[in-house]
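In what follows, a structure is listed as structure tokens, so that the remarks can point back to it.
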Amino acid sequence: MNGSVADRKPVVFIVEDEKDVAGFVKYFLDKEGYAVQHFLSGESFLEAVSKAYPDLVILDLMLPGVQGVDVCRYLKQDERLRTVPVIMLTAKDDPIDVVLGLEVGADDYVTKPFHPRELLARIKAVTRRAVLREYDRGSLLKAGIFLLNGDELSVTVEGEVFAFSWREFKIIELLARNKGKIISRETVLNRIWGNDEFITDRTVDVYIANIRKKLGVRSEHIVTVRGAGYRFEP
């Protein structure tokens with residue numbers, strides 16, 4: 001069965017201008033059974049991705065020329081490529097960097113320096129969630145003045161539409177389905193990230209902060225309960 005879909009190696013595109021980092025990642029992922037291609041700039045990557053469809057993109061935040069955030073924004077706005085998972089590489093664990101990446105649609109982030117096993121775990125988690133998305137969309141949920149659309153990963157409030165990443169949407173959906181109830185950070189982690197051991201409570205706070213930023217004045221419906229978690233008040 002040579003050449004069958006089952007035998008096809010997952011294709012990973014690495015966009016990283018530091019050759020040592022890219023070479024290290026490529027060597028490790030090659031051994032793990034991935035087909036890896038490396039690009040030194042956003043421009044060369046965008047040219048290649050116009051003709052190819054990777055299963056995952058590992059994208060450095062800081063690149064020469066076209067920046068990583070702009071590359072990610074392009075991917076998430078392209079109808080053909082918007083569902084391709086993106087893991088953003090950040091130079092430091094700075095909430096501003098993290099929020100910036102998540103804001104433009106990155107599915108996850110890894111802080112440099114990182115252990116290859118951590119990166120591999122995140123790759124597996126992100127690609128697993130990408131598959132689950134195809135079975136977890138299509139329903140509408142009404143919660144007060146909020147209308148959640150799983151097909152479009154959007155929330156409409158009195159005619160105003162807000163777009164979210166898959167995880168942002170699932171967090172809002174979790175809160176909305178349990179409106180009035182306090183949802184702990186641990187519950188959010190278990191429901192949205194599952195067994196990803198590298199995700200912490202702080203990650204949940206970053207996502208909530210980003211959701212609130214997108215919602216603007218509508219963010220008042222997501223209430224922080226100090227020491228307990230979050231509550232959705234429609």
| message | I'm trying to understand the selection: among the residues of region 106-124, which are touching a helix residue (DSSP H, G or I) at 6+ places or on another chain (Cβ under 9 Å), in contact (Cβ under 8 Å) with a residue 60 or more places away in the chain and of a type outside the set (A, V, I, L, M, F, W, C)? | response | Asp107, Lys112, Pro116
| said: Here are the criteria: (1) under 22 Å from Gln77 (Cα atoms); (2) without any contact (Cβ under 8 Å) to a residue 40 or more places away in the chain. Tell me which single one Arg167 does not satisfy. | reply: (2)
| request: Could you identify the single residue in Arg129, Arg80, Arg122 that is in contact with a Phe, Trp or Tyr (Cβ under 9 Å, 6 or more places away or on another chain), modelled with pLDDT of 75 or more, in a helix (DSSP H, G or I) and not acidic (Asp, Glu)? | output: Arg122
| field | Search result, residues across region 62-96 that are buried (at least 16 other Cβ atoms within 10 Å of the Cβ), closer than 19 Å to Glu118 by Cα and not β-branched (Val, Ile, Thr) | value | Pro85, Met88, Leu89
| request: Might you let me know whether region 35-43 holds any residue that is touching a strand residue (DSSP E or B) at 6+ places or on another chain (Cβ under 6 Å), of a type in the set (Gly, Ala, Ser), crowded, with 18+ Cβ neighbours inside 10 Å and not in a loop (DSSP other than H, G, I, E, B)? | output: no
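Given the condition among the β-branched types (Val, Ile, Thr) and part of a loop (DSSP other than H, G, I, E, B), answer yes or no: does some residue in region 67-77 qualify?
Residues of region 67-77 that are among the β-branched types (Val, Ile, Thr), as a first pass: 69, 71.
Subsequent filtering for residues that are part of a loop (DSSP other than H, G, I, E, B) retains none.
The answer is no, given that none of the residues of region 67-77 is among the β-branched types (Val, Ile, Thr) and part of a loop (DSSP other than H, G, I, E, B).
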| remark: Those residues of region 153-195 that are more than 18 Å from His221 (Cβ to Cβ), open to solvent by 40 Å² or more (accessible area, probe 1.4 Å) and within 17 Å of the chain's Cα centre (by Cα) come to a total of 3
| Among Ala6, Ala52, which is the only one that is more than 27 Å from Val99 (Cβ to Cβ), modelled with pLDDT under 90 and either part of a loop (DSSP other than H, G, I, E, B) or open to solvent by less than 60 Å² (accessible area, probe 1.4 Å) (or both)? | Ala52
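Return yes when Gly105 is in a loop (DSSP other than H, G, I, E, B) and modelled with pLDDT of 90 or more and no when it is not. Outline the logic, then answer.
Values: in a loop (DSSP other than H, G, I, E, B): yes; modelled with pLDDT of 90 or more: no.
No.
The values are calculated or read from the model by the stated rules, or taken from the named source; none is laboratory data. Since we're looking at a predicted model, the values are computed, not measured. Here Cβ is always computed from backbone atoms with ideal geometry, including for glycine, and neighbour counts include all displayed protein chains. Surface areas here come from the heavy atoms of the whole protein model, side chains and all, with no ligands, DNA or RNA. Shrake-Rupley method; radii C 1.70, N 1.55, O 1.52, S 1.80 Å.
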